[in-house]
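**Student:** Supplied in structure tokens, the structure appears directly below.
The values are calculated or read from the model by the stated rules, or taken from the named source; none is laboratory data. All values derive from a computational prediction rather than experimental measurement. All Cβ positions, even for glycine, are placed from backbone atoms using ideal geometry, and neighbour counts span all protein chains on display. Surface accessibility is based on the protein's heavy atoms, side chains included, excluding ligands, DNA and RNA. Shrake-Rupley method; radii C 1.70, N 1.55, O 1.52, S 1.80 Å.
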Amino acid sequence: MLRSGCLWLFRRRPPAAGVAVKNFGLRKVASGVSTPGSTSPRALNIFDRDLKRKQKNWAARQPEPMKFDYLREEVGSRIADRVYDITRNFSLALDVGCGRGYIAQHLNKETVGKFFQVDIAENALKNILEMEIPTVSVIADEEFLPFRENTFDLVVSSLSLHWVNDLPRALEQIHYVLKPDGVFIGAMFGGDTLYELRCSLQLAETEREGGFSPHVSPFTAVNDLGHLLGRAGFNTLTVDTDEIQVNYPGMFELMEDLQGMGESNCAWNRKALLHRDTMLAAAAVYREMYRNEDGSVPATYQIYYMIGWKYHDSQVILLRQIIYLVGSCLFSFY
């Protein structure tokens, strides 16, 4: 369900009709769930992961969680499109930070044989969406994947990795569980996400309270993403950006939807609350600076899409063949 007046571009593959739902149950893997506040020694402890788990569980318990699924549904379908672009079958796949299964619902069993779905929020896994692929749901933290090396042919992740404290470690673990010649396809929020909300809150808080605190979580820069993927061991990298703009009746409706998505701020340095007059001022600033002709206000979500492959000798052979063919074509012009 979209907010009234929203502008949206959909490009979806038609789902298979009349397919029975198969789910092999919920498994809790204790070794995969981090203790509150725990991170690897090298990581910056930016986010309260226990609070993020509670936020996502609260969102999944709402009477109509699908009301707030529109963004995850769209990005999940775009990741599924990228999976379909690879002409091979994946016998075993993993979704890291799956939520209610926003990627798997757009895939079919001809492409993926079996799906492991991992999330930190048990309520999201209990309310998984219908899909035709056999699935196994596992409660685990994205930073501590409880799987053996060389297990999966495909790993996907959609709008989850921006909340991990140690993104390099998370990418290294994804690389670790991939089989040689396996592929990782992911999406995460970019640095320009919700810039309208960020600017409005900062201006209003500075004017009313003499300073501002971060109310939108920090995001990874696109220049760093390719470097992090390469450092994790991935090769043949592809990183591209996209923007999705959604129109809302006002700032408060946007914030309500962010809470319903489980995307409220969980940074340790967040401010506990904003004064009422500051919030009203921020809403007025938002409307004054960014209002559309129809009176709605836009919110921009910048999405980084990434694809990386785990090394296999066949990739070198293929690369040599491509170089030979390109060289032959160039030589034929002389």
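**Student:** Considering only Cα-Cα distances, which of the following residue pairs are longer than 23 Å: LYS114/LYS179; LYS67/LYS126; LYS56/LYS114; LYS52/LYS126; LYS52/LYS114; LYS52/LYS109?
**Tutor:** Exceeds cut-off: LYS56/LYS114; LYS52/LYS114; LYS52/LYS109.
**Student:** Counting Lys and Arg as +1 and Asp and Glu as -1, what is the net charge of the other residues whose Cβ lies under 10 Å from the Cβ of GLN302?
**Tutor:** My count for the surroundings of GLN302 gives -3.
**Student:** Further question on the same structure: Using only the Cα atoms of the range 114-235, what do you get for the radius of gyration and for Dmax, in Å?
**Tutor:** 17.8, 56
**Student:** Given an 8 Å cut-off on Cα distances and at least 6 residues of separation, report the relative contact order of the range 118-271 as a percent.
**Tutor:** 19
**Student:** With Cβ to Cβ distances under 14 Å as the rule, what net charge do the other residues near THR151 carry (K, R +1; D, E -1)?
**Tutor:** Neighbourhood net charge equals 0.
**Student:** Under a 1.4 Å probe, what is the accessible area of the range 91-250 per residue, stated in Å²?
**Tutor:** So the range 91-250 comes to 33 Å² accessible per residue, rounded to a whole number.
**Student:** Counting Lys and Arg as +1 and Asp and Glu as -1, what is the net charge of the other residues whose Cβ lies under 12 Å from the Cβ of PRO180?
**Tutor:** Neighbour charge sum, excluding PRO180 itself: -2.
**Student:** May I pose another question? Across every pair of different alpha-carbon atoms, what Kirkwood hydrodynamic radius in Å does the range 79-151 reach?
**Tutor:** Values: mean 1/r = 0.0798 Å⁻¹.
Across the range 79-151, the inverse of the average 1/r is 12.5 Å.
**Student:** Students often get this wrong: which residues of the range 232-273 have the backbone nitrogen under 12 Å from the point 7 angstrom along Cα-to-C-beta of ASN127?
**Tutor:** 260-262
**Student:** Give, in nm to one decimal, the length gained when the segment between GLU149 and LEU280 is fully stretched (0.36 nm per residue of separation minus the Cα-Cα distance). The partial results should precede the final answer.
**Tutor:** On the way: separation 131, 0.36 × 131 = 47.16 nm, distance 5.17 nm.
Result for the pair: 42.0 nm of gain on full extension.
**Student:** I need the calculated FRET efficiency for the pair ASP192 and SER314, taking r as the beta carbon distance and R₀ as 56 Å, to the nearest 0.05.
**Tutor:** 0.90
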